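The values are calculated or read from the model by the stated rules, or taken from the named source; none is laboratory data. Not measured: the values here are computed from a predicted model. Glycine gets a Cβ as well: all are built from the backbone with ideal geometry, and neighbour counts include every protein chain shown.
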Amino acid sequence: MKIVVVGGVAAGASVAARARRLDEHAEIVVLERGHHVSFANCGLPYHVGGVITDRDRLLLQTPQSLRDTLDIDVRIAQEVVAIDRDAREVHVRDVDTGREYTESYDALALCPGAEPVRPPLPGIDLPQVLVLRRLGDMDRIKARLDAALDAHTAGERGPVRTVVIGAGYIGLEMAENLQHRGAHVTVVEASDQILPPVDHEIAVPVENHLRARGIDLHLSTAAAAFTPGDDDTVRVELSTHHTLEADLVVLAVGVRPATALARAAGLEIGPHGGVVVDEHLRTSDPHVWAAGDVVATPHTVLPGSWLAPLAGPANRQGRVVAENICGRQTVYRSTQGTSVVKVFDMVAGGTGATERQLLAADVPHRAVHVHPSGHAGYYPGTAQMHLKVLFDPTDGRLLGAQASGFDGVDKRLDVLATAVRAGLTVFDLEELELAYAPPFGSAKDPVNMAGFVAANTVRGDLRLWYAQDAPGALEGARLVDVRTPEEFAIWHLPGAENVPLPTLREACGTWDTAQPVRLYCAVGFRSYLAYRALVQRGFTDVATLSGGSTTYRAWHDVEGEGAVAVAPEVSYAAAADLLAATRERVTVDAGTGTVVDLDCTGLACPGPIMRLAQTVEGLSPGDDVVVHVSDPGFAHDAPAWASAQGHRLLEIVPEGPGYRATIRKGGTRATAAADTRDGVSFVVFSGDLDKVLAAFIIANGALAMGQPVSMFFTFWGLNALRRPDAPVRTRPLMDKAFAAMMPSGADDLRLSQMHMGGAGTAMIRKVMKDHQVPTLPELIASAQAGGAQLTACTMTMDLLGIAAEELLDDVDLGGVATFLGAAGRSATTLFI
């Protein structure tokens, strides 16, 4: 049997290699029109960027190596120009010599791949406008870039400017690698988002990451024309009437299947432009098979056949073609489009269907968003990820998943891709037992967490509303933000009222249970707890925001369009400007004071701000703090905090998943002229562990924001201030009875809910320890160190028989007048 393979890269090389392993006696001829076979085209951008320094490492095989190891006749620079199906021959032209000849076949495998799209724009053929598909393309791009950089280094021209047209995977990989080489990069994308394989809210964090890394990004913008510029440059005219000057333009606007040969031979072509094949990858001609980017195959989730120009499916299809040519009845079932990309420090990708595709195909679905860390939060080097899972609302079958983040994204996508392929449900995700150790994951893996949330929605334990539903979903509803007052003050949705979770159970007592309530928090967990509390109190129309404000801000743009920003924020574009300015100076506005290096990596909000506030408190005006954080949201929080406190943000520089910021302590704190009241006063009435914890978390947050704090402890709240080692004293009988019934200090408080005979309280303390959440005694000490005034109610002390020596050090004694005086000076008063 003679097998002829057209194309010698991913699919074609796989056909030839697998066929030889199955049939040692077959004559196998590979005809490749390029000058290389079996090369790593996915690695091309990284050689341009200097990450892969040795070009030869991209050559996985050569004609000689394939001859030596597999006895395959591989011919490069041989273009198949026609197929004679009746004679079972292909007509071949030698690219270098022009010689033409025919080659017969018993079985023909068409694997010509895809061609890069070159829009018919004026100037598209200028030498500065290049595409990246093959090794020769890579060589041309690298040579032009090298020459421009050399001229800049020699002082013969200014900074090297490059433009990438298209923000798909290849476009973004090129943008990163061009910048690695020292070029200024502008990315132009006709769509309103980057990364077509993911939905909008998953792409936006990557867009912000690009801008923060100094990439200029033009969305909803197309290239209109290219015209020659000065000094071997090109002018890129945009649809927005702007013009960009560039030394190099890389077109990365997509590919189309190379079907010219198949069309001319009369093979059936599908509606998406790919060669039609059956389940065995046989074309409409029984002697011709096809594989790779040229074919349309069934989708794992969506109806119909789809194009999927990906290396993984191409290699698997090549294997299936070879097996069927050699007599095996192997079926290629489907392609689900699993893909992933690295963009500077971020990773993004997806598997299965996107929500856009499901909507277009009218497939019923639901979505959940979760934002866990890539691995255990207390282990260094992690950050929040954005994870979206799509599923059938009736049976929970997985339809797709997407993620973007900094660590562990590829691992979760692989797990979810396997689950989609296996037809698993969200209930199966709950039960998956995945590898866990602090450097790699969490005891409840992000995949499990997505399963928990999704399964809750299918079971009816949770009802969601979505960022894209606003503002329509909020009409006539009570919009409740259950985050802390500090979080609310920095940013909140318009029309929201702040009811922190610890106060919600008491506050909702006066609400109309028939009025719709729409809840949200930062990532969806606290609002889920609030949801469960409300529905079990008789509220009939409650829903919580999927993914919380993190997803909302991604969907509606991180700058907060349609939201309320109470404190000033820095945009990601401004962060990029700061980064660019930092590159242009040797020192950062060098001061004469002390410089403190503060590591806040691994801390979640508001941890970095609290640590920063504590550090700055001990410094003198003019001293600097260089703070390192892994929370991407710090780009907004730090400027807001610094402005409110009268400090100066000198620079903010991307660093790993987060930022490095330099803040100089100011002499005075900014105050509002209209109202001299400031700070927060508390009445702490409860002695429940969770409620007292909430009080001190809010108090420490307020102190971190520079606000005075006064806390008045009365009745059962006084137990939080009792010393665990109080001196023994003689007590009246009634005082002894009270002492026996009441907790003896902060470490002895119980939960208000789920105490479960002490098991629940022990569990929450264990969880707090695992997640590096400070204990209540530590929070109390932190508040005192930060200047909080703690006052014990003397009337309550008399009633309960508590003596001053039984209380913690530095606790003031006072009555109602003391509290009212503090409350009168405060901007906010809370009763807990």
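Does any residue of the range 208-218 turn out to be charged (D, E, K, R), touching a residue at least 40 places away in the same chain (Cβ under 8 Å) and in contact with a Gly (Cβ under 8 Å, 6 or more places away or on another chain)? Checking the range 208-218: not a single residue is charged (D, E, K, R), touching a residue at least 40 places away in the same chain (Cβ under 8 Å) and in contact with a Gly (Cβ under 8 Å, 6 or more places away or on another chain).
Tallying residues that are farther than 15 Å from Asp146 by Cα and either in a loop (DSSP other than H, G, I, E, B) or in contact with a strand residue (DSSP E or B) (Cβ under 6 Å, 6 or more places away or on another chain) (or both) within the range 36-51 yields 5.
Scanning the range 419-445 for residues that are in contact with a helix residue (DSSP H, G or I) (Cβ under 7 Å, 6 or more places away or on another chain) and in a loop (DSSP other than H, G, I, E, B) yields Leu432, Leu434.
Residues in the range 334-355 that are among the small types (Gly, Ala, Ser), touching a Phe, Trp or Tyr at 6+ places or on another chain (Cβ under 8 Å) and outside any strand (DSSP E or B): 1 in all.
When the criteria are applied in full, Ala401 fails the requirement of being modelled with pLDDT of 95 or more, under 26 Å from Gly460 (Cα atoms) and in contact with a Phe, Trp or Tyr (Cβ under 8 Å, 6 or more places away or on another chain). Within the set Val331, Val321, the sole residue that is outside any helix (DSSP H, G or I) and either of a type outside the set (Asp, Glu) or surrounded by fewer than 24 Cβ atoms within 10 Å (Cβ to Cβ) (or both) turns out to be Val331. Taken as a whole, the condition of being modelled with pLDDT under 95 and either within 26 Å of the chain's Cα centre (by Cα) or farther than 30 Å from Gly658 by Cα (or both) applies to His209. The number of residues in the range 266-280 being surrounded by fewer than 20 Cβ atoms within 10 Å (Cβ to Cβ) and out of contact with any helix residue (DSSP H, G or I) (no Cβ under 7 Å at 6 or more places or on another chain) comes to 9.
Hey, could you check the range 610-627 for residues that are in contact with a helix residue (DSSP H, G or I) (Cβ under 9 Å, 6 or more places away or on another chain) and either in the same structural domain as Glu778 (by TED's automatic domain parsing) or assigned to a strand (DSSP E or B) (or both) and say which is farthest from Val653 (Cα to Cα)? Of everything passing the filter in the range 610-627, Val625 is farthest from Val653 (Cα to Cα).
From the list Ala670, Ala674, Ala694, the lone residue that is at pLDDT below 90, buried (at least 16 other Cβ atoms within 10 Å of the Cβ) and either of a type outside the set (S, T, N, Q) or in a loop (DSSP other than H, G, I, E, B) (or both) is Ala694. Scanning the range 459-509 for residues being of a type in the set (Asp, Glu) and at pLDDT 90 or above gives a total of 4.
Selection over the range 56-83 of residues that are part of a helix (DSSP H, G or I), modelled with pLDDT under 95 and surrounded by 16 or more Cβ atoms within 10 Å (Cβ to Cβ) gives a count of 3. One residue is enough: does the range 241-252 have a residue meeting the conditions in a strand (DSSP E or B), without any contact (Cβ under 8 Å) to a residue 40 or more places away in the chain and surrounded by fewer than 20 Cβ atoms within 10 Å (Cβ to Cβ)? Checked against the condition, which is being in a strand (DSSP E or B), without any contact (Cβ under 8 Å) to a residue 40 or more places away in the chain and surrounded by fewer than 20 Cβ atoms within 10 Å (Cβ to Cβ), the range 241-252 yields at least one hit. Residues in the range 88-103 that are in contact with a Phe, Trp or Tyr (Cβ under 9 Å, 6 or more places away or on another chain) and among the charged types (D, E, K, R) were compared, and the one that is surrounded by the fewest Cβ atoms within 10 Å (Cβ to Cβ) is Asp94.
Is there a residue in the range 376-394 that is modelled with pLDDT under 95 and either of a type in the set (Val, Ile, Thr) or touching a Cys at 6+ places or on another chain (Cβ under 7 Å) (or both)? Yes, there is a match, as at least one residue in the range 376-394 is modelled with pLDDT under 95 and either of a type in the set (Val, Ile, Thr) or touching a Cys at 6+ places or on another chain (Cβ under 7 Å) (or both).
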